[in-house]
Amino acid sequence: MPDRFAIGPLVEGIEAGSRPAIARAITLVESGRPDHRARARELLAAIAPRTGGAVRLGISGIPGAGKSTFIDALGVRLVDAGHRVAVLAVDPSSSRTGGSILGDRTRMAQLAVRDEAFVRPSPSGGHLGGVARATRESMLVLEAAGFDTIVVETVGVGQSEVAVAGMVDTFLLLLIARSGDSLQGIKRGIVEIADLIAVNKADGEHEAEARRSARELDGALRLMNTDGRRRPLVLTCSALTGAGLDEVWEKVTAHRDRLEADGVLESRRAAQQLDWMWAMTDAALAEAVRTAPGVARVRARVEADVAAGRIGAADGTARLLAALAADVPGLGWADGAGET
């Protein structure tokens, strides 16, 4: 049986823009199997010279803001203008089966069938607050395949926005006016990481309301901007009619061009690489702790003691780390842990 993850053919297929090869490569980088992780590292090293040239756009927003519809409409517009667009839509995972719930290919029906586009729903699996662990690596595969625009859509909850903002050039927050409170969804934390804000569904009888909401948002941002940093632009648009989409894209590219001209893009991506390295290191260490033989021997007892209140969480942590230190001398975590 041929090796479907053989690196040479995969690299050739990616560089040729083969959709089956791209899909196999993303499946490989999403895998958590140790042998697959080793192959994924080899693959990423081989394609590295062809990565880094795409516009990386992150999109999030409050529930009901129409993120997938917006991406579908914007993506088709970009494809018609000659771009190659890839979408990594981070899908909430079922807590029971681990499977994706939303199925973004069906929610981006127009874009998904275009030859110049690639839409990949990716189950979050609970990693990085809802962002799939391999999203960054999938972005590199798609860049190597020649896609010049990479869009990452988040589930719009928890820390997923922060994680996505740490892997893209421009972060777009999508809102709607008709939510009972025109400022709903605006929290200082999310606003501080947004580069652009777009009030969607500005059409029909709701267009005036959306424009009023955008003005209110802009005013609120002025009041919040006490440290003199550049505040995000606030725009209005309609994914349904297409109104304002060209302006949104113009501001996205203008933001990236400004980063590049100021020399910030290179330093931002370098910082993102460091963050990525430490995130993977943290994940690998957590997995190593859980699977270490010494920890495995005491884990059930420590968990039972913590659950029953016989010991506190801090003492339980110390006992697990002491068990790990017994397997790896020199870690220096055994002090004060007591008997395990």
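The values are calculated or read from the model by the stated rules, or taken from the named source; none is laboratory data. The structure presented is a predicted model; accordingly, all values stated were derived computationally and were not measured. Every residue, glycine as well, gets a Cβ built from its backbone with ideal geometry; the counts of neighbours run over all protein chains shown. Side chains are part of the model used for accessible areas, which takes the heavy atoms of the whole protein and leaves out ligands, DNA and RNA. Shrake-Rupley method; radii C 1.70, N 1.55, O 1.52, S 1.80 Å.
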Among the residues in segment 218-231, are any closer than 27 Å to residue 151 by Cα, in contact with a helix residue (DSSP H, G or I) (Cβ under 9 Å, 6 or more places away or on another chain) and open to solvent by 90 Å² or more (accessible area, probe 1.4 Å)? yes
Specify the residue that is surrounded by the fewest Cβ atoms within 10 Å (Cβ to Cβ); the eligible residues are those in segment 165-182 that are modelled with pLDDT under 90 and hydroxyl-bearing (Ser, Thr, Tyr). 179
Out of 234, 248, I need the residue that is under 27 Å from residue 68 (Cα atoms) and in contact (Cβ under 8 Å) with a residue 40 or more places away in the chain. Which one? 248
Can you tell me which of (1) polar (S, T, N, Q); (2) modelled with pLDDT of 90 or more; (3) part of a loop (DSSP other than H, G, I, E, B) is the one residue 110 doesn't meet? (3)
Contact list please: Cβ distance under 6 Å, first residue in segment 34-61 and within 13 Å of residue 149 (Cα to Cα) and in a loop (DSSP other than H, G, I, E, B), second residue open to solvent by 10 Å² or more (accessible area, probe 1.4 Å) and hydrophobic (A, V, I, L, M, F, W, C), pairs at least six apart or on different chains. 51/140
If you go through segment 262-287, how many residues are within 26 Å of residue 33 (Cα to Cα), in contact (Cβ under 8 Å) with a residue 24 or more places away in the chain and open to solvent by less than 60 Å² (accessible area, probe 1.4 Å)? 4
